[in-house]
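Heads up: the structure comes next, in structure tokens.
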Amino acid sequence: MRTFRAPGRVNLIGEHTDYNDGFVLPAALDFSTWVRISPLDERKLKIFSENFEEEIEVDLDDQNLSARGHWSDYPMGVAVVLERAGYHLRGARLQIRGEVPIGSGLSSSAAVEVATACALVENSGLKIDPRELALLCQRAETEFVGARVGIMDQFISLFGQAQRALLLDCRSLEFRLLPLPDNVRLIICNTMVKHALASSAYNERRAQCEAGVKHLAKFVPDVTALRDVTIEQLEEHRNGLDDVVYRRCRHVITENARVLWAGDALESGDLVRFGELMGASHRSLRDDYEVSCEELDLMVEIAQNVDGVYGARMTGGGFGGCTVNLVADTQVEEFRVRVAMKYEEATTLAPEIYICVAANGAEEVRQD
Ligand code: GLA
């Protein structure tokens, strides 16, 4: 029996930029999914979820496997994509336990995918470059599960490092690890709401970005993604662009710039500047990209009025889920109490508040 662990993530800045070939700045969290695996002689996977207390069986030679809106779509999708890519898997019994809050925008799905992929690869005696593995896990979600996600979540779940945030170029997959100072904490506030339209709205945003690229490519040479467009070019060729599409493009283009500035700010220890950029990111997601919601806006507003808060913003896909806050370590208790009280007063919902540290990416857990 071997055990593999893969973490969830929080994105500090760079939202809805990954599928536009842009930049993101996430950190891996100390919340993980664990997969225990042992080989089977038959070409089958027997997958048990501790969270859902259910076992499913997958015939690895079945060519017609498809998603059915079930927790098992994620591990099954990983197996299917690995097989389709020509990696011959050995049968196995898997036991999955996830501690990443599900449906909160902290990438519980990427954690399941990556932990399953690492377990299946090792169990089959295969070697796969971790960048390729990240892309295959992403493909499990885009091609099998049917959510057109970008590369951020799977990448950080594999490449994260303790006490570091990771600035990723989602086009080249090159990255820089940036230190998170000792005297600040990442605090994640869960609004405890998830609005139903999240996944259809996500795919709709992607389509709007593609529409923007199609228009801009007529005027600006070599544009294949919004990554290739400057804000000046967007303004210059705004005519003929639907107003909603224009605002979607403006978010992505300005957000990419903010990520690069934020990376520099972190590198030079300028937390005030970093926090301002987080605030600007939130406003852009709220007003231009329209993926925030009342509860997220409220949570951010409450946090911004607490002493010792450098920055606050929604994190992840949006429409509910969590905010991320950069808070001076001396103010953590005050933050926790004030934010919980004010949020509950206004919404009657008791938020979950997680005081996090940036953790390492996926690994085998040795049991001595
Ligand atoms: C989800 C997706 C990511 C990314 C974010 C928004 O978490 O899985 O790929 O697009 O939304 O930044």
Take ASP59 and decide whether it is within 24 Å of the chain's Cα centre (by Cα) and at pLDDT 95 or above. no
Unique residue being out of contact with any His (no Cβ under 7 Å at 6 or more places or on another chain), away from the ligand (no atom under 16 Å from the Cβ), of a type outside the set (Ser, Thr, Tyr) and within 30 Å of LEU266 (Cβ to Cβ) when the list is ASP59, ASP30: ASP30
Candidate set from region 264-291 (those that are touching a Phe, Trp or Tyr at 6+ places or on another chain (Cβ under 8 Å) and small (Gly, Ala, Ser)); member that is nearest to HIS16 (Cα to Cα): GLY275
What number of residues within region 146-161 satisfy the criterion of being at pLDDT below 95 and buried (at least 20 other Cβ atoms within 10 Å of the Cβ)? 1
Is it the case that some residue within region 279-294 is among the β-branched types (Val, Ile, Thr), crowded, with 17+ Cβ neighbours inside 10 Å and over 20 Å from LEU25 (Cβ atoms)? no
Looking only at region 320-368, count every residue that is at pLDDT 95 or above, assigned to a loop (DSSP other than H, G, I, E, B) and under 18 Å from the mean Cα position of the chain (by Cα) and tell me the total. 4
Evaluate region 40-55: report whether one residue or more is within 16 Å of the ligand (Cβ to nearest atom) and out of contact with any Cys (no Cβ under 8 Å at 6 or more places or on another chain). no
For region 259-314, name all the residues that are farther than 12 Å from LEU326 by Cα and of a type in the set (Ser, Thr, Tyr). SER268, SER281, SER284, TYR289, SER292
Pair list, Cβ under 6 Å, 6 or more apart: region 291-313 residue over 15 Å from TYR343 (Cβ atoms), other residue among the hydroxyl-bearing types (Ser, Thr, Tyr) and open to solvent by less than 10 Å² (accessible area, probe 1.4 Å): ARG313/SER281
Given the criterion β-branched (Val, Ile, Thr) and part of a strand (DSSP E or B), identify the matching residue among ILE102, ILE96. ILE96
Selection count where residues are open to solvent by 30 Å² or more (accessible area, probe 1.4 Å) and either within 16 Å of the ligand (Cβ to nearest atom) or among the basic types (Lys, Arg) (or both), scope region 88-101: 3
GLY269 fails exactly one of the following numbered conditions: (1) surrounded by fewer than 17 Cβ atoms within 10 Å (Cβ to Cβ); (2) part of a helix (DSSP H, G or I). What is the number of that condition? (2)
If you take the residues in region 102-152 that are away from the ligand (no atom under 12 Å from the Cβ) and in contact with a Cys (Cβ under 7 Å, 6 or more places away or on another chain), which one is farthest from GLY361 (Cα to Cα)? ALA117
Of all residues in region 153-178, which are within 16 Å of the ligand (Cβ to nearest atom), among the aliphatic types (A, V, I, L, M) and in a loop (DSSP other than H, G, I, E, B)? LEU173
Considering only strands (runs of 3 or more DSSP E) wholly within region 1-87, the ones with at least 2 residues that are at negative phi and open to solvent by less than 10 Å² (accessible area, probe 1.4 Å) are 2-13, 23-39, 44-49
Test: GLU301 is out of contact with any Lys or Arg (no Cβ under 8 Å at 6 or more places or on another chain), at pLDDT 95 or above and open to solvent by less than 80 Å² (accessible area, probe 1.4 Å): no
Would you say ARG247 is within 15 Å of HIS16 (Cα to Cα), in contact (Cβ under 8 Å) with a residue 40 or more places away in the chain, of a type in the set (D, E, K, R) and open to solvent by 50 Å² or more (accessible area, probe 1.4 Å)? no
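The values are calculated or read from the model by the stated rules, or taken from the named source; none is laboratory data. From a predicted model like this one, the values you see are computed outputs, not experimental measurements. Note: ideal-geometry Cβ built from the backbone for every residue, glycine included; neighbour counts use all protein chains shown. Ligands, DNA and RNA are excluded from the accessible area calculation, which covers all protein heavy atoms including side chains. Shrake-Rupley method; radii C 1.70, N 1.55, O 1.52, S 1.80 Å.
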